[in-house]
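J.: For reference, the structure I am asking about is given below.
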Amino acid sequence: MANEAMGGAEYLQGWHDRHPGATSAMLDSLTDEVGRNSYDVLAEVIQDGDEPVLDLACGDGYLLELLHPNHVCVGMDWNTAELDAACRRIGHGAPLARANAAGLPVATSAFGAVTCHYALMLLQPLEGVLAEVARVLRPDGLLATMLPAPPPENTPNPISVFRAAWQEVSGNYPVDIPPIQDDRALQLESLERLLANAGFSSALAQSFSASKPMTVDEASRFLLLTYLPDLLPPAGYAHLKRVLKVELDGLNGGTGTVTFVEHSDLVTARRL
């Protein structure tokens, strides 16, 4: 843990070096009423066909594993630890490459679809990334991205508890938060404008929610294994952990269990 100022890309690389596969490990078990997680929903959007699919910011290859039995797939990510984890997961199931999303090492119109799970907001500069995605897609090619969405107002859940706890603790232990994301990707009106400027049309958004009953300790571990807590000094981290435990236990009247709910937006768009 450190409170040293750093760039967003540097912070993200360090975090994923320390926690490869953490994103899929956390989101895998959160499912909807028919048992689908957010990766399943994103994979369902990709229709059967012969054209190759690029999974951008593929992480440890969870989505590639779902896609590659029916599709020719390529996975790209900038983090080598995540790519190593993807290689262990899928073996020779799909080619993998280390690549900057703003400068993809592939030919124009090379793919029929591009997927991106919980990462588009992290890829910067966003305008350049969307322009590259448009370039590598064929005309009428599909961009499908799953993005985190805020919980509905006045519906307390572990994520809203974490945000309140973070505000309290970071007020006592100020940290320099690196610019890790572009919030415009998480605001549907802004994202639709950016997509249109990059050469996309027919942008559609579909809400998705998934959940899992957890113990307070399990929910606390989930929340602490996200971006930002490791920026706190040890005393601040311990304080955050204590506050989370108390507040999470209060969600369900001290029963020791909570329902962890993940809200997402599935956004799709077609290249002109």
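Readers should treat all values here as calculations from the given coordinates under stated rules, not as data from a laboratory. These numbers come from a predicted model, not from an experiment. With ideal geometry, Cβ positions are generated from the backbone for all residues, glycine too; neighbour counts draw on all protein chains shown.
J.: Helix-derived [θ] at 222 nm for the chain: sum -39500 (n - 2.57) over DSSP H runs of at least 4, divide by residue count, nearest 500?
T.: That calculation yields -11500 deg cm²/dmol at 222 nm.
J.: Work from the charge dipole of the chain (Cβ charges, +1 for Lys and Arg, -1 for Asp and Glu, about the Cα centre) and give the residue of Cys116, Gln13, Thr268 farthest towards its positive end.
T.: Gln13
J.: Given points 7 Å out from each Cα along the Cα-Cβ axis, report the Ala205 to Glu192 separation in nanometres with one decimal.
T.: 0.8 nm
J.: Taking 8 Å as the Cα distance limit and 6 or more residues as the minimum spacing, I'd like the relative contact order of the chain as a percentage.
T.: This gives 24 percent for the chain.
J.: Ok, one more. Out of residues 5 or more away from Phe260 or on other chains, whose amide H comes under 5 Å of its own, with H placed 1.01 Å from N in the peptide plane?
T.: Amide H neighbours of Phe260, under 5 Å, 5+ apart: Lys212, Met214.
J.: Further, regarding this structure: Using 0.36 nm times the number of residues separating Asn154 and Asn172, minus their current alpha carbon distance, what extension gain do you get?
T.: Values: separation 18, 0.36 × 18 = 6.48 nm, distance 2.55 nm.
Extending this stretch completely gives an extra 3.9 nm.
J.: Which GluC sites (Glu not before Pro) does the stretch 145-236 hold that lie in a coil by DSSP with at most 10 other beta carbons within 10 Å?
T.: Filter output for the stretch 145-236: Glu153.
J.: Let me spell out the model: positive unit charges on the Cβ of Lys and Arg, negative unit charges on the Cβ of Asp and Glu, origin at the Cα centre of the stretch 133-229. What dipole size does that give, in debye rounded to 20?
T.: In total the dipole reaches around 300 debye.
J.: Same structure again: Please report the spacing between the Cα centers of the stretch 204-224 and the stretch 96-170 in Å, no decimals.
T.: 19 Å
J.: Would you mind ranking Asp60, Asp182 so that the residue whose beta carbon has the fewest other beta carbons within 10 Å leads the list?
T.: Numbers: Asp60 27, Asp182 21.
Starting with the residue having the fewest Cβ neighbours, the order is Asp182, Asp60.
J.: Separate question: Test of understanding: ordering His239, His92 by Cβ neighbours within 10 Å, fewest first, what list do you get?
T.: His92, His239
J.: Let me spell out the model: positive unit charges on the Cβ of Lys and Arg, negative unit charges on the Cβ of Asp and Glu, origin at the Cα centre of the chain. What dipole size does that give, in debye rounded to 20? Display every interim value, and only then the final one.
T.: On the way: 17 positive and 34 negative charges, 35 e Å.
The dipole magnitude comes to about 160 debye.
J.: Treating the beta-carbon of each Lys and Arg as +1 and of each Asp and Glu as -1, no other charges, what is the dipole magnitude of the stretch 172-272 about its Cα centre, to the nearest 20 debye?
T.: 180 debye
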